[in-house]
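The values are calculated or read from the model by the stated rules, or taken from the named source; none is laboratory data. On a predicted model such as this, the values are computed, not experimentally measured, just so you know. Methodologically, a virtual Cβ is constructed for each residue, glycine included, from the backbone with ideal geometry; neighbour enumeration extends over all protein chains shown.
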Amino acid sequence: MTVPNMRHHFDALITKINPPEDRVRLASRRVGEVRDWLKDHEFATRTPHTLLSGSYGRKTAIELIPDVDTLLFLPDDQEDRTPNAVLLEVHRVLKEYPGAGEIDVKGQRRSVRLHLPDDHLYLDIVPSITPDGVDKPLLVPDRPQQEWVASDPLGYAKRLSTTNGEHGEKVVPLVKLFKVWRDEHMIRRRPKSYVLEVMLLYGVEDGTITLTRRSRAENVHDLFAYVADKYADLMDNGKEAPRIRDPQITDKYITRGWSREEFETFMRRVREARRAAERALAAESEEDAVVEWEKVFGSRWPSQDDVREAVLREGQEHQPGQTKISPEGRVIGGAAVIPTLPTRYHGG
């Protein structure tokens with residue numbers, strides 16, 4: 001019988017925060033229905049008409065997926081109109097959508113927010129123009145600036161997916177853990193999910209964060225250490241929030257609106273998480289490590305029942321003829337299960 005260890009705790013945590021499959025299917029189905037409804041109501045779009053964007057499209061969404069970003073592709077001649085005029089037209093058409101609740105455009109910078117109350121779901125629909133094709137940066141509305149601005153969400157999604165594959169499929173799960181930690185510790189004054197993703201992406205791409213051949217627990221510790229060290233001088237000696245460059249549009253920054261007060265709150269929480277992660281990795285027992293990881297992930301940390309289910313799932317993977325090597329370098333599958341030997345290392 002497999003003896004539970006810290007790896008199983010993190011496997012259980014990832015399983016717990018992943019969106020339920022039925023929720024994923026529902027969100028995808030609703031986006032398709034809205035696309036078909038717009039076509040039936042003679043709202044002019046162009047191929048591919050709609051594409052998923054945001055964390056749902058990048059598979060970095062967590063838990064119940066409260067909102068889904070959707071790109072709505074328009075003919076090129078719509079660039080001659082003001083962003084506000086286009087957004088108001090989308091709003092007007094969607095007002096008749098069956099089952100729609102509130103439809104907000106005034107509170108949105110670049111989208112029309114369609115509320116589907118029966119599903120507890122919001123669709124943020126972003127009108128998009130593709131003058132150079134879908135594979136190049138798009139033009140999207142910016143209501144406050146009253147102009148169309150360059151954005152490349154699809155290019156970023158491809159870049160993230162490529163980096164994830166090059167690093168043992170460990171980037172996306174770490175993004176999810178980063179977001180869950182934020183949600184647990186920052187109700188207000190918290191950075192956007194996209195900012196967290198890009199922080200991590202830059203750390204992995206420049207080689208500061210090494211993901212493969214290290215445990216999930218070490219990955220989490222290394223992420224907090226990277227962020228704490230990278231922004232230490234700005235935190236201790238600066239007066240502003242960081243300016244983080246858009247990964248696709250080099251003359252843009254993604255931290256506009258992130259205040260100094262919000263940044264300081266974020267950094268205090270990062271430093272607390274780093275210290276807890278260090279204590280967890282140095283713990284002499286699994287119980288002591290769990291105490292520290294619970295400080296990091298709070299109510300999201302898995303229960304013992306969750307951990308037991310993770311052990312059972314792993315046991316089911318250990319089937320004859322299915323041996324493979326995981327990104328962490330451990331053997332999965334085979335004719336027999338080799339029990340974990342006792343160790344004082346509880347890093348996962």
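For the subset of the range 171-216 comprising residues that are acidic (Asp, Glu) and assigned to a helix (DSSP H, G or I), which member is farthest from residue 5 (Cα to Cα)?
205
Looking only at the range 15-49, which residues are touching a Lys or Arg at 6+ places or on another chain (Cβ under 7 Å) and touching a residue at least 60 places away in the same chain (Cβ under 8 Å)?
Selection gives 16, 17.
For residues in the range 232-252 being charged (D, E, K, R) and assigned to a loop (DSSP other than H, G, I, E, B), which is farthest from residue 159 (Cα to Cα)?
Looking at residues that are charged (D, E, K, R) and assigned to a loop (DSSP other than H, G, I, E, B), I get 239.
Of these, 86, 93, 140, 68, which one is surrounded by 14 or more Cβ atoms within 10 Å (Cβ to Cβ) and farther than 25 Å from residue 192 by Cβ?
Being surrounded by 14 or more Cβ atoms within 10 Å (Cβ to Cβ) and farther than 25 Å from residue 192 by Cβ holds for just one of 86, 93, 140, 68, which is 93.
Within the bounds of the range 95-108, is there any residue that is more than 30 Å from residue 300 (Cβ to Cβ) and in contact with a Lys or Arg (Cβ under 7 Å, 6 or more places away or on another chain)?
Yes, the conditions are met somewhere in the range 95-108.
Residues are listed down the side, and each one gets a yes or a no for (1) touching a helix residue (DSSP H, G or I) at 6+ places or on another chain (Cβ under 9 Å); (2) farther than 28 Å from residue 174 by Cα; (3) modelled with pLDDT of 90 or more:
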{"position": "41", "(1), (2), (3)": "yes, yes, no"}
{"position": "97", "(1), (2), (3)": "yes, yes, yes"}
{"position": "107", "(1), (2), (3)": "no, yes, no"}
{"position": "114", "(1), (2), (3)": "yes, yes, yes"}
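Within the range 1-71, which helices (runs of 4 or more DSSP H) (wholly inside it) include 2 or more residues that are of a type in the set (Val, Ile, Thr)?
Here the list reads 6-17, 21-40.
Testing residue 97 on (1) aromatic (Phe, Trp, Tyr); (2) in a strand (DSSP E or B); (3) within 17 Å of residue 31 (Cβ to Cβ), one condition comes back false. Which one is that?
Here residue 97 clears every test but (2).
Could you list, in sequence order, the residues of the range 266-319 that are over 26 Å from residue 182 (Cβ atoms), assigned by TED's automatic domain parsing to the domain that holds residue 191 and of a type outside the set (D, E, K, R)?
Of everything in the range 266-319, just one residue is over 26 Å from residue 182 (Cβ atoms), assigned by TED's automatic domain parsing to the domain that holds residue 191 and of a type outside the set (D, E, K, R), namely 285.
Check 149, 227, 198 and return the single one that is farther than 21 Å from residue 13 by Cα and surrounded by fewer than 17 Cβ atoms within 10 Å (Cβ to Cβ).
Matching residue, one of 149, 227, 198: 149.
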